[in-house]
Amino acid sequence: MKAFEKMLQFVTEKMAWVAIAAILGCTALVVTDVIRYQAVNKPVPGAHEVVELIAAVILSMGIGYLTFVRGHVSVGLLVDLFRPRVQAAFDLFNSVVSLAFTLWLTEGVLEMALRNLRYGWVTGVLEIPRAPFMFLIAVSLAFTCLVLFRDLIRAVMGIRKGG
């Protein structure tokens, strides 16, 4: 289990670094677009669609790490009052529902990526292929599923051991 967690931590941290780099790139592009528009009254061609694609990278690459460090919002006021085994049961339920939803979402995004690849769909102005970005989102969601599976295993162990 430790090796699995170390691998997940390593991969999700690298994905978070990709998201950080994408944020910096997106910020640089938007600033350049605004300055160019103010200076010569011409925006950077295709800036909007590049920002859209970068936003997909930012959001998808951060999900796995956020799930790994349990940085999401949780309702602990009521659950924290229960015994550890009951808390683990709540964690198990939450993990099962989250994993099921994320698996379903991963499958849908993968189907959409394959459709984008099959039909050769591209962006409007710069004609950037959309499929690689969709595959990136699917891979990120797949790693999020692995993290949620780890949480599910932890919850089962918590129930069996009593917290």
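The values are calculated or read from the model by the stated rules, or taken from the named source; none is laboratory data. These numbers come from a predicted model, not from an experiment. Cβ atoms come from the backbone with ideal geometry, glycine included; neighbour counts cover every protein chain shown. With ligands, DNA and RNA removed, areas are computed over all heavy atoms of the protein, side chains included. Shrake-Rupley method; radii C 1.70, N 1.55, O 1.52, S 1.80 Å.
Inspect the range 143-152 for any residue being acidic (D, E) and modelled with pLDDT of 90 or more and give the result as yes or no. Yes: one or more hits. Filtered by the rule that a residue be of a type outside the set (A, V, I, L, M, F, W, C) and open to solvent by less than 50 Å² (accessible area, probe 1.4 Å), the range 148-163 gives R150, D151, G158, G162.
Here L126, L117 are screened, and the one residue that is open to solvent by 60 Å² or more (accessible area, probe 1.4 Å), of a type outside the set (F, W, Y) and not in a helix (DSSP H, G or I) is L126. Evaluate the following for R85: is it over 18 Å from the mean Cα position of the chain (by Cα), in a helix (DSSP H, G or I) and within 14 Å of I159 (Cα to Cα)? Here the answer is yes, as R85 does meet what is asked.
Looking only at residues of the range 60-83 that are modelled with pLDDT of 85 or more and not hydrophobic (A, V, I, L, M, F, W, C), we find that the one that is nearest to F133 (Cα to Cα) is S60. Would you mind stating whether M112 is within 22 Å of K6 (Cβ to Cβ) and either touching an Asp or Glu at 6+ places or on another chain (Cβ under 6 Å) or surrounded by fewer than 18 Cβ atoms within 10 Å (Cβ to Cβ) (or both)? Criteria not met by M112.
Does L103 satisfy the condition of being open to solvent by 80 Å² or more (accessible area, probe 1.4 Å), in a helix (DSSP H, G or I) and closer than 26 Å to V18 by Cβ? It is true that L103 is open to solvent by 80 Å² or more (accessible area, probe 1.4 Å), in a helix (DSSP H, G or I) and closer than 26 Å to V18 by Cβ. Is there any pair with a first residue in the range 130-157 that is closer than 16 Å to I54 by Cβ and a second that is of a type outside the set (A, V, I, L, M) and buried (at least 19 other Cβ atoms within 10 Å of the Cβ) whose Cβ atoms are under 7 Å apart and which are 6 or more apart or on different chains, and what are they? From the range 130-157, the pairs are L136/S60; I137/S60; S140/S60; S140/G64. Residues that are part of a helix (DSSP H, G or I), within 15 Å of the chain's Cα centre (by Cα), among the small types (G, A, S) and loosely packed, with under 15 Cβ neighbours inside 10 Å within the range 21-80 comprise A21, A55, listed in sequence order. Quick check on T102: is it touching a Cys at 6+ places or on another chain (Cβ under 7 Å) and among the polar types (S, T, N, Q)? Criteria met by T102.
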